[in-house]
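Q: The structure under discussion is supplied below as structure tokens; questions concerning it will follow.
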Amino acid sequence: MRSIMKKVYIETYGCQMNVADTEVVFSILGKAGYGRAEQIADADVIMANTCSIRDNAEQRILGRIEQFNIWRKARPGVVTGILGCMAERLKDELLNTGKVDIVAGPDSYRRLPSMIEEALCGRPQIDVLLSREETYADIDPVRMDKNGVSAFISIMRGCNNVCSYCVVPYTRGAERSRDWKSIVREACDCFSRGYREVTLLGQNVDSYNYEGTDFAALLKTVAEAVPGMRIRFSTSNPQDISDEVLLTMASHPNVCRHIHLPVQSGSDRILEKMRRRYTREWYLSRVDRIRELMPDCAISTDVIAGFCSETEEDHRDTLSLFEKVGFDAAYMFYYSERPGTLAARKYPDDVDIATKTRRLEEIIALQNRLSLESNRRDLGKEFMVLVEGPSKKNPDELCGRNPQNKMCVWADKAHKAGDFVRVKVRDCTQATLLCDLAE
Ligand code: SAH
Ligand code: SF4
Ligand code: F3S
């Protein structure tokens, strides 16, 4: 028995999947008798759950490792660890820096208690084995969101789509779906603990398949099992998002009217080089279908500017696609070559950084206008909003998202986090709908 409880601090980088994983890690560690440190200063174990998606993400974390090492040196007995995608990608390289005691890939978290124990005894630990089965289905995550309203539920792990630019299949391994019964159980459990929104997470939710249960069936089951819960999901891949999923959304009012549908590029030539398995025309036809079935559905996207060999014409195809779709929101990046990926092996990273930056800025400027236009279309409309808490700028105002995932703020003293409130849009900025309580 440990006499004093050891405490673990974890900083989480990267996507929502990593947030969900950190919650799994805290659950595993909690069962093994470790506490959670809110601050580095209180921690015996300092860890980062890391992301490899772009070089700048990794550089930032490498900087943090230096910082962690300063704490580690200053306080004997403190150990440091790297979890997640960078652990998986860089493996021994991280241990060899001598600044890290534990390197644990995304499928090795069940072993963390014993790895930490060993590391605390001065023996560095590494486990970067990827699994074909691990889904952490039986683990009850320790929720870390601040407001207790919105939770992530991981429904699958890994990815089988080898998009040529992407490191995820290498860091997360093969795709596997989690038992749908454990997902429904987790959603019900969240509801009973006061959560009113869950986001079902996977790199490609449309290829969810657990012993014949597909994503449409899962979505339907979860939506019907907890009718008072809002359901979101991410990410949908344009080649896979099926009519069944759209029809299930359309027939379940608690499934939010928002689809995140990363397009990556508007040029067929580039899409092919990216190994995305759809064309511009196919993408636009899916957008039409979404709007036909759900005219009020928001669509957001991801895009990469300056992929290998991208010409001005390809770039203009991306701009024109954005204009044509009129995205409600977008995450925009310029291409960052990832070692070991197909693109890194096959295509030179030949768009210079000035051009990448300029193209990215052009996309951002366009999207800023489209976001504003999208918000302006909502003026005068009423929405049901889930209260997240006080707005950042004004303590007399509450904030929360509408089903389309747009941030709303309104003056309100009567409601609290977790309430559903009807609001009417009075004005807007590019980022926010400024609302009043509806009559
Ligand atoms: N599974 C999701 C995306 C996961 S990664 C999907 O397929 O859509 C999130 C986003 O990061 C991607 O959509 C892509 O736009 C971006 N991204 C991935 N690899 C990148 C790279 N090498 N350089 C720049 N952006 C990248
Ligand atoms: Fe990466 Fe493509 Fe898989 Fe998304 S679908 S995680 S972009 S390989
Ligand atoms: Fe990053 Fe890994 Fe997510 S590379 S985006 S943390 S799956």
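Taken together, the values in this text are just the output of simple stated rules run on the coordinates, not laboratory data. Remember, it's a predicted structure, so these values are computed and weren't measured experimentally. In this analysis, Cβ positions are derived from the backbone assuming ideal geometry, glycine residues included, and neighbour counts consider all displayed protein chains.
Q: Along Cα→Cβ, 7 Å out, is where each label goes; now give me the distance between the ones at residue 411 and residue 138 in nm to one decimal.
A: 5.5
Q: At 7 Å along the Cα-to-beta-carbon direction for both residue 56 and residue 239, put a label point, then send me their distance in nm to one decimal.
A: Rounded to a tenth, the inter-label distance reads 2.9 nm.
Q: Under the 0.36 nm per residue contour assumption, what length would be gained going from the current alpha-carbon distance of residue 16 and residue 354 to full extension?
A: 118.7 nm
Q: Shifting gears a bit: Please identify the GluC sites (Glu not before Pro) of the stretch 11-103 that satisfy two criteria: DSSP loop assignment and at most 16 other Cβ atoms within 10 Å. Which are they?
A: 38
Q: Calculate the length of the line joining the C-alpha centroid of the stretch 162-206 to that of the stretch 369-438, in whole Å.
A: So the two Cα centres are separated by 28 Å.
Q: Using +1 at the Cβ of each Lys and Arg and -1 at the Cβ of each Asp and Glu in the stretch 323-363, identify which of 334, 360, 347 lies farthest towards the dipole's positive end.
A: 347
Q: Let me make sure I get this right: for the stretch 387-439, a, b and c are the square roots of the gyration tensor eigenvalues over alpha carbons, sorted descending. Under 1.5 in a/c it's rounded, otherwise prolate if a/b > b/c, else oblate. Which is it?
A: rounded
Q: Give the order of 259, 65 when sorted by the count of other beta carbons within 10 angstrom, beginning with the fewest.
A: 65, 259
Q: Taking θ = phi - 60°, what integer Hz values does the Karplus form 6.51 cos²θ - 1.76 cosθ + 1.60 yield along the stretch 5-12, in sequence order, with x for Gly and Pro?
A: Those phi angles translate into 5, 7, 10, 10, 10, 10, 9, 10 Hz.
Q: Using the Cα centre of the chain as the reference point, and only Cβ charges (+1 on K/R, -1 on D/E), how large is the resulting charge dipole? Debye, rounded to the nearest 20.
A: Charge dipole of the chain: 780 debye, to the nearest 20.
Q: Now, a different point. Show me 217-224, 409-416, 148-155 ranked by packing, highest mean number of other Cβ atoms within 10 Å first.
A: Taking the mean over residues of other Cβ atoms within 10 Å, the ranking is 148-155, 217-224, 409-416.
Q: What is the stretch 58-154 by shape, rounded, prolate or oblate, if you read a ≥ b ≥ c off the alpha carbon gyration tensor as root eigenvalues and call it rounded for a/c under 1.5, prolate for a/b larger than b/c, and oblate otherwise?
A: Here the stretch 58-154 falls in the prolate category.
Q: Oh, and also: Calculate the spin-label point distance for residue 382 paired with residue 129, positioning each point 7 Å from the Cα along the beta-carbon direction, and give it in nanometres.
A: Once both label points are built, they end up 5.8 nm from each other.
Q: Moving on to the next point. Show me 294-306, 75-87 ranked by packing, highest mean number of other Cβ atoms within 10 Å first.
A: Ranked by mean Cβ neighbours within 10 Å, highest first: 75-87, 294-306.
Q: Just for the chain, what percent of DSSP beta bridges are antiparallel, to the closest 5?
A: About 35 percent, rounded to the nearest 5.
Q: What length, rounded to one decimal in nm, is gained on full extension from residue 430 through to residue 289, with 0.36 nm per residue of separation minus their alpha-carbon distance?
A: So the chain would gain 48.1 nm between residue 430 and residue 289.
Q: Moving to a separate point now. Can you bin the stretch 110-201 into rounded, prolate or oblate? Criterion: square roots of the alpha carbon gyration tensor eigenvalues sorted a ≥ b ≥ c, rounded for a/c under 1.5, prolate for a/b above b/c, oblate for the rest.
A: Oblate is the answer for the stretch 110-201, as a/c is 1.5 or above yet b/c matches or exceeds a/b.
Q: A follow-up question, please. Which ordering of 128, 423 is given by a fewest-first count of other beta-carbon atoms within 10 Å?
A: Starting with the residue having the fewest Cβ neighbours, the order is 128, 423.
Q: Please sort through the DSSP H helices of the chain and keep those with an alpha-carbon extent of at least 27 Å along the long axis and a Kyte-Doolittle average not below 0.5.
A: Membrane-span-like by this criterion, though nothing is claimed about a membrane: none.
Q: Which of the GluC sites (Glu not before Pro) across the stretch 116-190 are loop residues per DSSP, with 12 or fewer other Cβ within 10 Å?
A: 133
Q: Given R₀ = 22 Å, what would the calculated FRET efficiency be for residue 160 paired with residue 346, taking r from the Cβ atoms and rounding to 0.05?
A: Given R0 = 22 Å and the Cβ-Cβ separation, E is 0.70.
Q: Can you compute the label reach from residue 323? Point 7 Å from Cα along the Cβ direction, backbone N cut-off under 20 Å, restricted to the stretch 343-367.
A: Label zone hits: 358-367.
Q: Near the amide H of residue 233, under 5 Å away, which other amide H atoms are found, from residues 5 or more places off or on another chain, if H is placed in the peptide plane?
A: Close amide H contacts, sequence-distant or interchain: 200.
Q: Highest GNM mean-square fluctuation, the chain, Cα pairs closer than 10 Å: which of 216, 187, 37?
A: 37
Q: Now, a different point. Would you kindly calculate the translational diffusion coefficient of the chain, applying Stokes-Einstein with the Kirkwood radius from alpha carbon pairs, for 4 °C and a viscosity of 1.567 mPa s, and quote it in µm² s⁻¹ without decimals?
A: D = 56 µm²/s.
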